[in-house]
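Here is the structure we will look at, set down as structure tokens.
The values are calculated or read from the model by the stated rules, or taken from the named source; none is laboratory data. For clarity, every value in this text was computed on a predicted model and none was experimentally measured. As a convention, Cβ positions derive from the backbone with ideal geometry for all residues, glycine included, and neighbour counts pool all protein chains shown. Only protein heavy atoms, including side chains, enter the accessible area calculation; ligands, DNA and RNA are left aside. Shrake-Rupley method; radii C 1.70, N 1.55, O 1.52, S 1.80 Å.
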Amino acid sequence: MTGTVRFHGGAPFRAAAVHGGPGAPGSAAGLAREMARWCGTLEPLQTENSIGKLIEELAGVLRQDGWPPMVLAGHSWGAWLAALTAERHPELISGLILIGCPPLEERFVPCIASRRRAMLSPEDRREFDRLVFALESGGGAPPDSMLLRKLGILAGKADSCSLLPGDSTSQVNGTQYAAVWKEAAELRRSGYLLRRFRSLRIPVVLIQGEMDPHPAEGVTEPLRGSGVALRSHLLPECGHTPWRERFAAETFRRILAEELSRSTFEQREC
């Protein structure tokens, strides 16, 4: 079983856009369309409920439908999944583009919620806190998808500068979110996540908005001196989803095109 995939552009498919969440399939559709301007791009829609199975599911899609070695562009949680897949299956991946990547160490986590709350109106801030409390006090049951969707809308407000009209996720998978994010948060807390990132030996690009609640230094500082070939781009007037940001979309598109050409395809024609 290799999971579900959407195709953007034509063969050969030498790139893939990995969605965030976890449990937000379809949220990388706009990113995949941007990438398809330059090369055939896969948009895998993850279905598994553990990180190990998600890695193997993504690797299976790349083998079955792609032309490895490929570039993976991962958004938000998808940046972690792309990196973990590249670390486990280096033969499949030629480069990584991390977009809106969450911090790799626990010490950077507290600033995410504080940055988000500062961007919300008092009314939205109260609703944000209410939804977080409701989801965190669920007693271990899968979170209600409607609550997750409402929280996602508020987080979208807090995470953006000036959004253009665009895609929303096709669905929200509360069961997948609960299972995978709990596991992912523990990987970060234990230091395992950072060790896997530090072992990468392929080109890594970070594209982060200056107004993204996830601080760019939460990625760059932990990787400093690790031997990872990291290039970073910090976009002004830009939040968590650069391809939808009114004042950053064109700059993001240019950087994406340059990085796809430079670090992924090495002058090969798509």
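Structure data summary
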quantity	calculated
Within-12-Å neighbourhood charge of Leu104 [Cβ basis; K, R +1; D, E -1]	+3
Residues of type aspartates and glutamates that Lys53 reaches as a straight line, Cα spacing below 13 Å, ignoring anything fewer than 8 places off in the same chain	Glu183
Computed [θ] at 222 nm, helices only, for the chain once each DSSP H run of length n ≥ 4 contributes -39500 (n - 2.57)	-13000 deg cm²/dmol
Angle in degrees between helix 77-88 and the longest Cα principal axis of the chain, rounded to the nearest 10	40 degrees
Rounded tilt (10° steps) of 110-119 against the dominant C-alpha axis of the chain	70 degrees
Translational D in µm²/s for the chain (Stokes-Einstein at 4 °C, 1.567 mPa s, Kirkwood Rh from C-alpha pairs)	70 µm²/s
Fraction of antiparallel bridges per DSSP, the chain only, in percent to nearest 5	20 percent
Student exercise, the chain dipole from Lys, Arg, Asp, Glu Cβ charges, in Debye to nearest 20	180 debye
Environment charge at Leu235 (Cβ cut-off 10 Å; Lys +1, Arg +1, Asp -1, Glu -1)	-4
Percent RCO, i.e. relative contact order, over the chain, from Cα pairs under 8 Å lying at least 6 residues apart	22 percent
Rounded percent of accessible protein surface that carbon and sulfur make up, the chain, 1.4 Å probe	51 percent
Solvent-accessible heavy-atom area per residue, rounded to whole Å², over segment 214-256 at 1.4 Å	44 Å²
Cα-based convex hull, segment 1-97, per residue volume (Å³, whole number)	75 Å³
Amide proton proximity set for Leu235, modelled H, under 5 Å, gap of 5+	Gln208, Gly209, Glu210
The chain: most fluctuating residue of Glu210, Glu127, Glu87 per GNM, C-alpha cutoff 10 Å	Glu127
